[in-house]
Amino acid sequence: MTEETLSNLLHEERRFEPPAAVAEHANLKAEAYERAAADPEAFWAEQAGRLDWAQSWDQVLDWSDPPFAKWFVGGRLNASYNCVDRHVEAGRGDKVALHWVGEPVEDKRDITYAQLKDEVSRAANALTELGVGTGDRVAIYLPMIPEAVVAMLACARIGAPHTVVFGGFSADALASRLEDCQAKVVITSDGGYRRGSASALKPAVDEGRAKAAELGHTVEKVLVVRRTGQDVAWDDEVDVWWHDVVDSASAEHTPEAFDSEHPLYVMYTSGTTGKPKGILHTTGGYLTGASYTHWAVFDLKPDTDVYWCSADIGWVTGHSYMVYGPLANGATQVMYEGTPDSPERGRWWKIIEDYGVTIFYTAPTAIRSFMKQGREIPDRYDMSSLRILGSVGEPINPEAYVWYREVIGGGRTPVVDTWWQTETGSIMISPLPGVTHGKPGSAMTPIPGVGAEVVNDAGEPVPNGSGGYLVLTQPWPSMLRTIWGDDQRFKDTYWSRFKEQRYYFAGDGAKKDEDGDIWVLGRVDDVMNVSGHRLSTTEIESALVSHPKVAEAAVVGAKDEDTGQAVCAFVILRESALDSGGGDGGDDIVAELRQHVRKEIGPIATPRQIMIVPELPKTRSGKIMRRLLKDVAEHREVGDVTTLADSSVMDLISKGLGSGTAEG
Ligand code: WTA
């Protein structure tokens, strides 16, 4: 982010007071900040007490071996019991847990907590029957159908950590995840509905399973939900229909209580190297964080609210704010399978009207795309039920914030801009809707119980009005415990930069304004944020270089009006490719490379732009200077080139660009 955008942000003067009604009945009041700061462990113990424990803990936090934390040491609980059974036992079995809405308009299902309990129990029994034991890993590769939630909770119920892989990832991406966490079983479906038609999922699992086998890992069983009814290839040794084994299983299942630190799930996310990181979350601390923040930040009133988070279960937001947080809190929520514009552009707003949604949580990239379509579309719907709006995944620009508040929220609703990460497990920085006034573009302050700072290179807090690195200054219950199978990378990535201070380094840059409120500016490392999805520049570079025609590649995230950032690639072709006519950087090779990245990683990683260049700007030590490429990609004057080994390279690149650019 440039200095100019920074200062624009800081001139944002609009302020919105919390509505009186929200303030009066707020779940958390202003006093919570001081209470939590005075004794964080006591505060977190109070939040953990909102869950049902089979056995209470002896110690709130063991931080004797940093950065490896243990929370609620000695405590035992079952996450699935907390999300389902306890609500039924408390007499709320008839309450709707999920209003599921399929993309085809006639497809809907309301699932009560009692029904969810039965379904989760059946699936738990079926998984056990398939040979899944405590500690075994199960991969879930499903569209947004109720079975996805059931599958996650069934895994949690039997203590088998799940790893949900986003359905938009390719077979290759799936294979590397299956191999990395050594998944024993994969749960998938024949397909799902997106943009008005049935798209297949099972073939990617078949291919992913074969590729994992090449890497030396055998997946034992594939459990397949029938969603679309399309034809699927079948391997009798491995493939099992969900309806064959789950529907016939017993709905009786006694959940076992697991240690608070028992692994709950692994979620893969992009880092600064080509290999995705398996972020490990454990049971007691994670569930405490997810349920507390969902209750406090969205001011959830479980008896009256209808909550909807539009995130896919393939991302951490879907884990914490569609599955574990809301269900642990006994909320009634909407789950929607498809895209916002199918079959019509107002589909989301229609769902809000139909179900009387009161709390809505989505991403800035979606808001910006609706802004483009104009307010006539949302204005056709009655969304007066909404009382709180949330935003997550990337910085929300002030214009999008104000549009969201005015057009979707009718000018009444607070907007909570929530900053957090796959690694943090739950929301860390956010306004509290009944306490904090809204400042468009600012995530404001850490929530009670969380310590966050903006620091300089030396790890010292920067004064108000300046920028630096965002850090978390004290351990929190839903913190990642490690990177699956790689403790060293866990230490290096997050805890080495400010080792002395024992700060968690988030990888984001941020600024404190004159009031000390935090404005998150985006990544300071080689991670891009495209439509709220994290992508690593190196991962895409490796994908490009794996193509036989590519000699070298450099990828940068360039500012994009719709997606926040977009993938821009600079590619040097091999001589053989140049000889065979690809040398003009024509459309064919560019299209071929874009397709290649799609296949290697998935559609979300497809470069917006690929530029064929003769050279890449490198320092004398050979490091690619992405900063300069970013200048080119963002159509800026190229910055300081004095540290380049060959300072004429940038001229060469700029000159050659006329012919070698293709946007798609
Ligand atoms: C970015 C998603 C600004 C940030 C929950 C972070 C944000 C990364 C915000 C994590 C926000 C998330 N304002 N930036 N409110 N929320 N980010 O792991 O760069 O997919 O590091 O988790 O998204 O992305 P992840």
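The values are calculated or read from the model by the stated rules, or taken from the named source; none is laboratory data. Quick caveat, the model's predicted, so the values are computed rather than measured. Neighbour counts run over all protein chains shown; Cβ positions are idealised from the backbone, glycine included.
Which residue pairs have Cβ atoms under 6 Å apart, sit 6 or more places apart or on different chains, and have a first residue in the range 644-657 that is among the aliphatic types (A, V, I, L, M) and a second that is modelled with pLDDT under 80?
Matching pairs, first to second residue: Ala645/Arg620.
Just to be sure I understand the filter: pairs with C-beta atoms under 6 Å, separated by 6 or more residues or on different chains, first member in the range 379-406 and in contact (Cβ under 8 Å) with a residue 40 or more places away in the chain and more than 15 Å from Asp562 (Cα to Cα), second member within 16 Å of the ligand (Cβ to nearest atom) and aromatic (Phe, Trp, Tyr). Which pairs pass?
Qualifying pairs under 6 Å: Ile388/Phe298; Gly390/Tyr361.
Criterion first (over 20 Å from Leu98 (Cβ atoms) and at pLDDT below 95) does Pro364 satisfy it? Walk me through how you get there before you give the answer.
Working: over 20 Å from Leu98 (Cβ atoms): yes; at pLDDT below 95: yes.
Considered against the rule, which asks whether it is over 20 Å from Leu98 (Cβ atoms) and at pLDDT below 95, Pro364 comes out as yes.
Results for (1) of a type outside the set (Gly, Ala, Ser); (2) within 16 Å of the ligand (Cβ to nearest atom); (3) surrounded by fewer than 23 Cβ atoms within 10 Å (Cβ to Cβ), shown as yes or no for each residue.
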{"position": "Arg497", "(1), (2), (3)": "yes, yes, yes"}
{"position": "Gly507", "(1), (2), (3)": "no, yes, yes"}
{"position": "Val567", "(1), (2), (3)": "yes, yes, no"}
{"position": "Gln595", "(1), (2), (3)": "yes, no, yes"}
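Look at Gly516 and say whether it is away from the ligand (no atom under 16 Å from the Cβ), surrounded by fewer than 17 Cβ atoms within 10 Å (Cβ to Cβ) and closer than 22 Å to Trp419 by Cβ.
Numbers: away from the ligand (no atom under 16 Å from the Cβ): yes; surrounded by fewer than 17 Cβ atoms within 10 Å (Cβ to Cβ): yes; closer than 22 Å to Trp419 by Cβ: yes.
Yes, satisfied.
List every residue pair whose Cβ atoms sit under 6 Å apart, with the two residues 6 or more apart in sequence or on different chains, where the first one lies in the range 520-533 and is more than 7 Å from the ligand (Cβ to nearest atom) and at pLDDT 85 or above and the second, anywhere, is assigned to a strand (DSSP E or B) and among the charged types (D, E, K, R).
Val527/Arg534
Go through Arg405, Arg345 for me and flag whichever is away from the ligand (no atom under 14 Å from the Cβ), surrounded by fewer than 24 Cβ atoms within 10 Å (Cβ to Cβ) and either at pLDDT below 95 or not in a helix (DSSP H, G or I) (or both).
Arg345
Conditions tested, residue by residue: (1) under 28 Å from Gln474 (Cβ atoms); (2) within 11 Å of the ligand (Cβ to nearest atom); (3) within 22 Å of the chain's Cα centre (by Cα); (4) outside any helix (DSSP H, G or I).
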| residue | (1), (2), (3), (4) |
| --- | --- |
| Pro378 | no, no, no, no |
| Leu389 | no, no, yes, yes |
| Asp417 | yes, yes, yes, yes |
| Thr424 | yes, yes, yes, yes |
| Val435 | yes, no, no, yes |
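Within the set of pairs 6+ apart or on separate chains, which have a first residue in the range 94-107 that is within 13 Å of Tyr336 (Cα to Cα), a second that is of a type in the set (Gly, Ala, Ser) and modelled with pLDDT under 95, and C-beta atoms under 6 Å apart?
If the second residue must be of a type in the set (Gly, Ala, Ser) and modelled with pLDDT under 95, the pairs left are Glu103/Gly338; Glu103/Ser342.
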